[in-house]
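The values are calculated or read from the model by the stated rules, or taken from the named source; none is laboratory data. These numbers were taken from a predicted model, which means no experiment stands behind them. Here the Cβ is made from the backbone with ideal geometry for all residues, glycine too, and neighbour counts use every protein chain on show. Surface areas here come from the heavy atoms of the whole protein model, side chains and all, with no ligands, DNA or RNA. Shrake-Rupley method; radii C 1.70, N 1.55, O 1.52, S 1.80 Å.
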Amino acid sequence: MELVEKLEILGAAAKFDASCSSSGSSRKGVEGGIGSAYRAGICHSWAADGRCISLLKVLFTNYCINDCAYCINRRSNDVKRATFTVDELVSLTMNFYKRNYIEGLFLSSGIIKNADFTMEKLIAVAKKLRNEENFHGYIHLKVIPGASDILIKEAGLYADRVSVNIELPSEKSLKLLTEKSKESIIKPMTDITGDIVENREERRKTKKLPLFAPAGQTTQLIVGATPETDRKIVKLTEAFYKKFSMKRVYYSAFVPVNSDNRLPVVSMPPLDREHRLYQADWLMRFYGFQADEIVTEENPFLSDDIDPKAVWAMRNMHLFPLEINTAAFEMILRVPGIGRTSAFRIIYARKNGSLDFDDLKRIGVVLKRARYFITCKGKMMTDTLITEKSVFEAMKTTSTKAGAADHTYEQLSLF
Amino acid sequence: MIFLYDGTFEGFLSAVFDAFTCKEDVAIEKREGWQPQFFTETTELETSPEKAERVVNKLLSICGRRGFSAIVQIFLSEEENAETYTFHLVKSVMKYGSKAFSRFQDEKITRAMEFRKRVSKECDKILGILRFTELANGVFYAPFEPDHNILPLITGHFYERLSGCCWMIHDIRRGNAIYHSKGKMENVEFVDEMTSHLNMADLLGKSENEDDFAKMWRGYFKTIAIETRINPKLQRQFMPQRYWKYMTEKKNG
Ligand code: SF4
């Protein structure tokens, strides 16, 4: 089979993995070598679905011994199959990289023979890139559920990031749709967390030790294939951040590729729901929110009409309005219409003198939304009428789909 | 009084130096394209590297590398009256120190910072979408046409990253190019003005493998999109059409 055809098959087979981010690593380039990592990550292109392409995201092979209900590569499917050789993948990565098509390689795989056998193949590619090609660009290796700790340790030496996909938000759903045990997923996650912590501590003593997965670990789960609530998903996400110090949790709206009576019948992937979950995730990572503040037991689903930050603010009107010139940073962050950049700017700018609404506008605050929650020098913005209806109308987002895509990029500017 | 300078950043900085030693209120404008006006006095300035360096050091000592690079970015934005805004910001920095950058109460500074944001946004975008082509002579060549004059801002990134390659990045619109080989970077001297705006890949030809890799990349690019999520509007929002001309996966349709 021609390489170009393999690439098409094994690229298509990997496309449902949501993560493509190349962030979190600052691996340096070396003289005479090829590649360096860029802390914030770089998007190199955007596919026709508007999703960013950062890494060459492919499977090593799409043969698989498993038969997960939602997966296009399951063994019972009649699809074209292919397998790369290590050399083919190394050459593709190097040549794409030199042309600045990509930030590096994201390598995953169907399972051939067993978890360890497959894992060894992935490691061989990464190892050759690092040791023979002098490659210092980004490598993300997928850890095959059930792979042994020794191999995970080796993978982390070559990779910037490693990940094990949880895929489904509960043990019950895992049992129903896959042959993977919860144990086979949680165990490697725990190992990775342990290895990262250990590596960090030892590197504090001797800087010479090689880095272990400097961009940390991530995971991904499918939204809408099984009946779990948003609350369940958001709580699970929080646990991943807190217990496993994960860098990111990705959500992938369920796209039906197989007909299977264990799966729900949907015509379109639940993109709006995926988008709201990313917003909730964002609030936990950058805005200091707890899962319980975002989705309560009484309201276990995120709102269709209003973003989770505004929902929280409307539920907590008694905490507002805030005086912009004196309020604490943590509270300013919680005002709808004020993002992180604007919040930082407010803190800096008010040192130069007190701010009024015109200044806020210049800073980039969306007053249409923020006006209901703030005062400047003790006054609300003129003509701000707070009624349930007016606030609701202002908080309603007009389009959610448009913003659904760029979760790969996380840039912050202080100025 | 209006100071006319040669259009280079060095020239601008040395004009700043002269402006600070001048008693009058001064504006700084490019010499090229300057339309003489009644009642305005102009002085044509010589560019002085020493004066420029003194201004650089002064600014670095006040606002550090980060602040200084913001000033550079605003100048390189080439937005309308960029000099005026840069000069205004420099004056504020001299007066208020680093705090000047967050004086959102000052409309001119807000505008200057807006320019800076446009420039850094374009830099971020170009770091991703710049495309190199391997020429027949083995050089990796990347032509582009940025809105702002960002060539000097992006070469450092590729210097570190593509250390093991000979490469050339070419701003076809402005006719400037930087060439790298074995750890050395230099400005490319073109034989004439016309050549400086030509695509070298057409002139020098591509390497043997070039079309194969380009073809594979295009195939991959197509195959990675999820059919049920197709959203061309979103795609264009992230990847503005004006940049497609030099993108392997986007040119020729
Ligand atoms: S193990 Fe992975 S590749 Fe194999 S069927 Fe399950 S999800 Fe698909």
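Computed over chain B, relative contact order equals 13 percent, with contacts defined as Cα pairs under 8 Å that lie 6+ residues apart.
Here each label is just a point 7 Å from Cα along the line to Cβ, and for B:Asn137 and A:Asn261 those points are 7.0 nm apart. Between A:Asp281, A:Asp358, A:Asp305, the residue with the greatest mean-square fluctuation in the GNM of chain A (Cα pairs under 10 Å linked by springs) is A:Asp358. Counting only DSSP beta bridges whose two residues both lie in chain B, roughly 50 percent are antiparallel.
Output the antiparallel fraction of DSSP beta bridges having both residues in the protein assembly as shown, as a percent to the nearest 5. The partial results should precede the final answer.
On the way: 17 of 53 bridges.
The antiparallel proportion sits near 30 percent.
Applying the criteria of a DSSP loop state and at most 14 other Cβ atoms within 10 Å to the GluC sites (Glu not before Pro) of segment B:151-253 yields B:Glu189, B:Glu193, B:Glu208. Proximity of backbone amide H atoms, modeled 1.01 Å from N, is registered between A:Ser45 and A:Ile53 at under 5 Å, excluding neighbours fewer than 5 places apart on the same chain.
Judged by the ratio a/c of the largest to the smallest principal axis of the C-alpha gyration tensor, segment B:59-117 counts as oblate, that ratio being 1.5 or greater while a/b is no larger than b/c.
When the surface is traced with a 1.4 Å probe over the full set of protein chains, A:Arg315 keeps roughly 100 Å² accessible.
Given a 1.4 Å probe, how much area per residue of segment A:3-255 is accessible, in Å²? Intermediate values should be presented prior to the final figure.
Working: 8850 Å² over 253 residues.
That works out to 35 Å² per residue.
Net length available on complete extension from B:Lys206 to B:Glu193 is 2.4 nm, with 0.36 nm assigned per residue and the Cα-Cα distance removed.
Cβ distances below 4.7 Å define possible disulfide partners, and in chain A the cysteines left without one are A:Cys20, A:Cys64, A:Cys376. Note on segment A:16-141: Rg/Rh from C-alpha atoms, Kirkwood Rh, equals 0.99.
Taking R0 as 45 Å, what's the FRET efficiency between A:Lys396 and A:Leu157 from their Cβ-Cβ distance, rounded to 0.05? Rounded to the nearest 0.05, the efficiency is 0.35.
For chain A, the 222 nm mean residue ellipticity estimated from helices alone, with every DSSP H stretch of n ≥ 4 adding -39500 (n - 2.57) and the total spread over all residues, rounds to -11500 deg cm²/dmol. Other residues with beta-carbon under 10 Å from the beta-carbon of B:Leu4 carry, at +1 per Lys or Arg and -1 per Asp or Glu, a net charge of -2.
Between their Cα atoms, which of A:Lys142/B:Lys125; A:Lys127/A:Lys180; B:Lys184/B:Lys245; A:Lys175/B:Lys222; B:Lys121/B:Lys184; B:Lys108/B:Lys251 are more than 32 Å away from each other? Write out the running numbers ahead of the final one.
Numbers: A:Lys142/B:Lys125 27 Å; A:Lys127/A:Lys180 28 Å; B:Lys184/B:Lys245 29 Å; A:Lys175/B:Lys222 34 Å; B:Lys121/B:Lys184 27 Å; B:Lys108/B:Lys251 39 Å.
Long pairs (Cα-Cα over 32 Å): A:Lys175/B:Lys222; B:Lys108/B:Lys251.
Whole-Hz Karplus values for segment B:141-155 come out as 10, 10, x, 7, 9, x, 5, 10, 7, 9, 3, x, 8, 9, 5 Hz, taken residue by residue from phi with 6.51 cos²θ - 1.76 cosθ + 1.60 and θ = phi - 60°; glycine and proline positions read x. Across segment A:159-176, rounded Karplus estimates of 3J(HN,Hα) from the backbone phi angles (6.51 cos²θ - 1.76 cosθ + 1.60, θ = phi - 60°) give 8, 7, 9, 10, 8, 10, 7, 6, 6, 10, x, 8, 5, 4, 5, 4, 4, 5 Hz, Gly and Pro being marked x.
With a cap of 16 neighbouring Cβ atoms within 10 Å, and only residues DSSP puts in a loop, list the GluC sites (Glu not before Pro) found in segment A:91-179.
On the way: sites: A:Glu103, A:Glu120, A:Glu132, A:Glu133, A:Glu154, A:Glu167, A:Glu171, A:Glu179; in loops: A:Glu103, A:Glu132, A:Glu133, A:Glu179.
Sparse-neighbourhood loop GluC sites (Glu not before Pro): A:Glu132, A:Glu179.
Ellipsoid semi-axes for segment B:130-250, based on the Cα gyration tensor and the rule √(5λ), read 27, 17, 14 Å when sorted largest first.
Close amide H pairs (under 5 Å, H built 1.01 Å from N) link A:Ala253 with A:Val223, residues at least 5 positions away or on another chain. Model label sites at A:Ile347 and A:Phe301, defined 7 Å from Cα along the beta-carbon direction, differ in position by 3.7 nm. Using R0 = 30 Å, the C-beta based FRET efficiency linking B:Lys95 and B:Phe39 works out to 0.55.
Which percent, nearest 5, of DSSP beta bridges in segment A:21-117 are antiparallel? All intermediate terms of the calculation are to be shown ahead of the outcome.
Working: 3 of 8 bridges.
Here the antiparallel bridges make up roughly 40 percent for segment A:21-117.
Counting only protein heavy atoms and a probe of 1.4 Å, the accessible surface of segment A:50-152 is 50% carbon and sulfur. Phi angles across segment A:380-395 convert, under the Karplus curve 6.51 cos²θ - 1.76 cosθ + 1.60 with θ = phi - 60°, into 3J(HN,Hα) values of 7, 5, 4, 6, 8, 10, 8, 10, 4, 5, 5, 5, 4, 4, 5, 7 Hz, Gly and Pro given as x.
Hand me the GluC sites (Glu not before Pro) from segment B:14-68 located in a DSSP loop with no more than 14 other Cβ atoms within 10 Å, in residue order please. When the GluC sites (Glu not before Pro) of segment B:14-68 are filtered for loop state and at most 14 Cβ neighbours within 10 Å, B:Glu24, B:Glu32, B:Glu41, B:Glu46 remain.
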